[in-house]
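S.K.: Sharing a structure here in structure tokens format.
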Amino acid sequence: MIVIFLGPPGAGKGTQAAHIVERYAIPQLSTGDMLRAAVKAQTPVGVKAKAVMDSGKLVSDEIVGNIVSDRIGEADCANGFLLDGFPRTLVQAEMLDDILARKGLSVDAVIELKVDEAALIDRMRNRIRETKERGEELRADDNEETFAKRLGVYRDETAPLVPYYEKQGKLRAVDGMKTVAAVSAEIDAILDPIQAKK
Ligand code: ADP
């Protein structure tokens, strides 16, 4: 089962991704995590991506497309995977469709987590406070200014994916303002029947 998670920064994709990984035994492919690992390891991609990520802008479609294409080819993706943070632009969505078509695969469902912007800003402030309280290091892009920038990028570049997947009949909206458990239940109700047909 191939599932895409769509939603603005702070919508709760990470929390729900963990639930899906466990329930359906598919890996989570987070381009944000993969890029942060590349930055940490100071690979050529990481060196290129760092400044772009820190400013809240998007890394090039080519770089991210290559990372995902390689990752999808790995053995643990044979039964499907959950894409988190990819695609983020229409070009990436088209790249993904091409990559999958070459393997005889296609996206099964796109789950759009809907959350209002005021709530997102609150959640982001909490995330920063809690991380500091735990004495952990903050992500370089976890500050209010960069967060506002990431929200803007989502609106401009990623939101157009909603009609793109609507046209393919794959978009399923979920109310991300409910409790974590209620959101998980909504997602299960969408994915269980798809999984049952696999
Ligand atoms: P969020 O917390 O907003 O979900 P991520 O952890 O997914 O953010 O990504 C952090 C940063 O990594 C993005 O702001 C962007 O610079 C880069 N990035 C992640 N995925 C992509 C992508 N698919 N295309 C371009 N840039 C990406």
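S.K.: Go over the candidates V174, V115, V107, V162 one by one and state the one that is modelled with pLDDT under 95, within 17 Å of G85 (Cα to Cα) and surrounded by 13 or more Cβ atoms within 10 Å (Cβ to Cβ).
M.R.: Only one candidate qualifies: V115.
S.K.: With the condition kept exactly as written, say whether any residue in segment 124-133 is within 12 Å of the ligand (Cβ to nearest atom), part of a helix (DSSP H, G or I) and farther than 22 Å from K40 by Cβ.
M.R.: Taking every residue of segment 124-133 in turn, at least one turns out to be within 12 Å of the ligand (Cβ to nearest atom), part of a helix (DSSP H, G or I) and farther than 22 Å from K40 by Cβ.
S.K.: Specify which of the listed residues (A17, A37) is under 17 Å from the mean Cα position of the chain (by Cα) and touching a residue at least 60 places away in the same chain (Cβ under 8 Å).
M.R.: Just one listed residue meets the conditions, A17.
S.K.: Right, next: So, Y154, is that one in contact with a helix residue (DSSP H, G or I) (Cβ under 9 Å, 6 or more places away or on another chain), aromatic (F, W, Y) and in contact (Cβ under 8 Å) with a residue 60 or more places away in the chain or not? Before the answer, list the steps.
M.R.: Working: in contact with a helix residue (DSSP H, G or I) (Cβ under 9 Å, 6 or more places away or on another chain): no; aromatic (F, W, Y): yes; in contact (Cβ under 8 Å) with a residue 60 or more places away in the chain: yes.
The answer is no for Y154.
The values are calculated or read from the model by the stated rules, or taken from the named source; none is laboratory data. A quick note: this is a predicted structure, and the numbers were derived from the prediction, not measured. Glycine also receives a Cβ, built like all others from the backbone with ideal geometry; neighbour counts cover every protein chain displayed.
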